[in-house]
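The values are calculated or read from the model by the stated rules, or taken from the named source; none is laboratory data. Note that the structure is a prediction, hence the values are computed from the model and not measured. When we count neighbours, we look across all protein chains shown, and the Cβ atoms used for this are built from the backbone with ideal geometry, even at glycine. All accessible areas refer to the heavy atoms of the entire protein, side chains included, with ligands and DNA or RNA removed. Shrake-Rupley method; radii C 1.70, N 1.55, O 1.52, S 1.80 Å.
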Amino acid sequence: MTNEIFATLLARAIDGDSEAMSLILQEYDPLFRRLAMTKSGLDEDCYQYIRLRAFEMTRRFKIPPEKIF
(Lines give C-alpha, C1' and ligand atoms only; values in the text may rest on other atoms or scores of the structure.)
Protein backbone atom coordinates (compact mmCIF):
# COMPACT_ATOMS: atom_id res chain seq x y z
CA MET A 1 0.00 0.00 0.00
CA THR A 2 1.43 3.36 -1.00
CA ASN A 3 1.62 6.35 1.33
CA GLU A 4 -1.00 8.19 -0.71
CA ILE A 5 -3.48 5.32 -0.52
CA PHE A 6 -2.87 4.89 3.19
CA ALA A 7 -3.31 8.64 3.78
CA THR A 8 -6.63 8.56 1.95
CA LEU A 9 -7.80 5.52 3.91
CA LEU A 10 -6.71 7.08 7.18
CA ALA A 11 -8.57 10.31 6.45
CA ARG A 12 -11.69 8.33 5.56
CA ALA A 13 -11.38 6.15 8.68
CA ILE A 14 -11.02 9.23 10.89
CA ASP A 15 -14.22 10.56 9.32
CA GLY A 16 -16.05 7.36 10.24
CA ASP A 17 -15.83 5.29 7.04
CA SER A 18 -16.12 1.69 8.27
CA GLU A 19 -14.84 0.23 4.99
CA ALA A 20 -11.64 2.30 5.22
CA MET A 21 -11.19 1.28 8.86
CA SER A 22 -11.61 -2.36 7.89
CA LEU A 23 -8.92 -2.04 5.21
CA ILE A 24 -6.51 -0.44 7.67
CA LEU A 25 -7.12 -3.16 10.25
CA GLN A 26 -6.55 -5.81 7.55
CA GLU A 27 -3.27 -4.15 6.58
CA TYR A 28 -2.00 -4.29 10.16
CA ASP A 29 -3.45 -7.72 11.01
CA PRO A 30 -0.09 -9.57 10.73
CA LEU A 31 1.44 -7.11 13.23
CA PHE A 32 -1.51 -7.50 15.60
CA ARG A 33 -1.19 -11.29 15.46
CA ARG A 34 2.55 -11.15 16.08
CA LEU A 35 2.04 -8.89 19.08
CA ALA A 36 -0.58 -11.25 20.52
CA MET A 37 1.59 -14.36 20.27
CA THR A 38 2.64 -16.19 23.41
CA LYS A 39 4.70 -19.33 23.92
CA SER A 40 1.53 -21.40 23.67
CA GLY A 41 0.19 -19.67 20.53
CA LEU A 42 -2.12 -16.81 19.68
CA ASP A 43 -3.79 -15.17 22.68
CA GLU A 44 -7.23 -14.38 21.21
CA ASP A 45 -8.17 -11.98 24.00
CA CYS A 46 -4.97 -10.00 23.51
CA TYR A 47 -5.46 -10.01 19.73
CA GLN A 48 -9.00 -8.66 20.04
CA TYR A 49 -7.86 -6.05 22.55
CA ILE A 50 -5.11 -4.83 20.20
CA ARG A 51 -7.59 -4.56 17.30
CA LEU A 52 -10.09 -2.70 19.48
CA ARG A 53 -7.49 -0.21 20.71
CA ALA A 54 -6.22 0.35 17.14
CA PHE A 55 -9.80 1.06 16.06
CA GLU A 56 -10.43 3.43 18.96
CA MET A 57 -7.16 5.30 18.57
CA THR A 58 -7.56 5.71 14.81
CA ARG A 59 -10.96 7.33 15.34
CA ARG A 60 -9.40 9.80 17.83
CA PHE A 61 -6.76 11.18 15.45
CA LYS A 62 -7.10 14.91 14.94
CA ILE A 63 -4.92 15.42 11.87
CA PRO A 64 -6.03 17.75 9.09
CA PRO A 65 -6.21 15.67 5.87
CA GLU A 66 -3.73 17.93 4.05
CA LYS A 67 -1.10 17.27 6.75
CA ILE A 68 -1.27 13.46 6.82
CA PHE A 69 1.45 13.03 4.15
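To the nearest 20 debye, what is the magnitude of the charge dipole of the chain about its Cα centre, counting +1 on the Cβ of each Lys and Arg and -1 on the Cβ of each Asp and Glu?
Numbers: 10 positive and 11 negative charges, 56 e Å.
About 260 debye.
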When the chain is treated as a Gaussian network with springs between alpha carbons less than 10 Å apart, the largest mean-square fluctuation among R12, R51, R34 is found at R34
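Count the net charge of all other residues whose Cβ sits under 11 Å from the Cβ of Y49, scoring Lys and Arg as +1 and Asp and Glu as -1.
-2
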For the chain, with every protein chain kept in place, what is the accessible area per residue (1.4 Å probe, Å²)? 74 Å²
Helix 3-14 sits at what angle to the longest principal axis of the chain, using alpha carbons and giving 0 to 90 degrees rounded to 10? 90 degrees
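Just subtract the alpha-carbon distance of T38 and E19 from 0.36 nm times their residue separation and send over the number in nm, one decimal. Mind dumping the intermediate values first?
On the way: separation 19, 0.36 × 19 = 6.84 nm, distance 3.02 nm.
Residue separation times 0.36 nm, minus the Cα-Cα distance, leaves 3.8 nm.
Using the Kirkwood radius built from alpha carbon pairs, what does the Stokes-Einstein equation give as D for the chain at 4 °C and 1.567 mPa s, in µm² per second? Write out the running numbers ahead of the final one.
On the way: Rh = 12.8 Å.
D = 101 µm²/s.
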